[in-house]
Amino acid sequence: MSKNPFLSDEVDHYVTETVTRETDIQKRLREETNRLPQRQMLTSADQMAFLAVLVRLTNAKRIIEIGTFTGYSALAMALALPDDGKIIACDISKEWTDIAKRYWLEAGVADKIDLRLAPAAETLATLEAESFDFAFIDADKAAYDGYYESVLKLLRPGGAIAFDNMLWGGAVADPSEQDTQTRALRNLNAKLRDDERVDACMLTIADGIMLVRKR
Ligand code: SAM
Ligand code: CA
């Protein structure tokens, strides 16, 4: 569920294949992931190009990623980091992150990515407060609010968090959708809008990114 549901297939194809900058390695990882049954979890190419620009714009050096899958998003952010930058990448799947590691090595960014194979909540509990510049949250949706509270403590003031899939295919805007994941994301969108600890805006690219900046 990474494609923007409001774009036609033609425009989506144009954005992804014609105007989005991607290395050959990124493209091959995207293609390999697109052959998996779980391919709907892959982040879109234009979204990752955007997050890579954001990483550079904010001069981020220390990043937390929650939900790594086959490593496409971590790869894009690692390529945007300076040589002394680091990503702590959280996931629970050895199978999927083994794919990631092959591509990180090939791209020369394996040293920048510290993969933690454990439930993200456990990993977050081991990290130092106010020591991160940027976070990308893209794992189990019902746990997003818990991740938010933990990550907010780990971010320095002025640091940012990008939450993925915050439109959830449009389900958050449909009151008849009352499953656990939809409700969790809908409640979090409302909470972030009113949360005085952050500045927040919804970006309607891909499946919706809620971008917040810690005050
Ligand atoms: N960011 C990835 C990308 O751009 O390709 C996609 C991440 S995918 C949507 C979600 C990932 O979260 C899966 O790889 C899954 O194994 C992981 N995950 C699910 N529950 C988790 C948990 N409790 N802790 C850490 N990772 C978890
Ligand atoms: Ca996602």
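The values are calculated or read from the model by the stated rules, or taken from the named source; none is laboratory data. Every value quoted in this text rests on a predicted model; they were computed, and no experiment measured them. For accessibility, only protein heavy atoms count, side chains too; no ligands or nucleic acids. Shrake-Rupley method; radii C 1.70, N 1.55, O 1.52, S 1.80 Å.
Solvent exposure of the chain amounts to 48 Å² per residue of accessible area, where only protein heavy atoms count and the probe is 1.4 Å. The length gained by stretching the chain between ALA190 and MET202 to full extension, at 0.36 nm per residue less their Cα-Cα distance, is 3.2 nm. What a 1.4 Å probe finds exposed on the stretch 117-215 is 53% carbon and sulfur by accessible area, rounded to a whole percent.
Rolling a 1.4 Å probe over the protein heavy atoms of the stretch 1-91, with every protein chain left in place, gives an accessible area that is 55 percent carbon and sulfur. Take every pair of alpha-carbon atoms less than 8 Å apart whose residues are at least six positions apart; their mean separation over the length of the chain yields a relative contact order of 19 percent.
Against the criterion of solvent-accessible heavy-atom surface with a 1.4 angstrom probe, ARG186, ARG39 sort, most first, into ARG39, ARG186. For the stretch 9-214, the number of Lys pairs separated by eight or more positions or lying on different chains, with C-alpha atoms closer than 14 Å, is 5.
If each DSSP helix of 4+ residues adds -39,500 (n - 2.57) and the sum is divided by the residues in the chain, what number results at 222 nm, nearest 500 deg cm²/dmol? Rounded to the nearest 500, the figure is -12000 deg cm²/dmol. The order of CYS201, CYS90 by accessible area, most exposed first and with a 1.4 Å probe, is CYS201, CYS90. Legend: P(r) of the stretch 9-214 from all alpha carbon pair distances, 10 Å bins from 0, whole percents, reading 9, 36, 39, 15, 1. The stretch 100-171 has equivalent-ellipsoid semi-axes of 22, 18, 13 Å, by the square roots of 5 times the alpha carbon gyration tensor eigenvalues, sorted largest first. Multiplying the residue separation of ALA125 and SER8 by 0.36 nm and subtracting their alpha-carbon distance yields 37.9 nm. Here is the P(r) of the stretch 112-215: all C-alpha pair distances, binned every 10 Å from 0, give 15, 48, 31, 6, 0 in whole percents.
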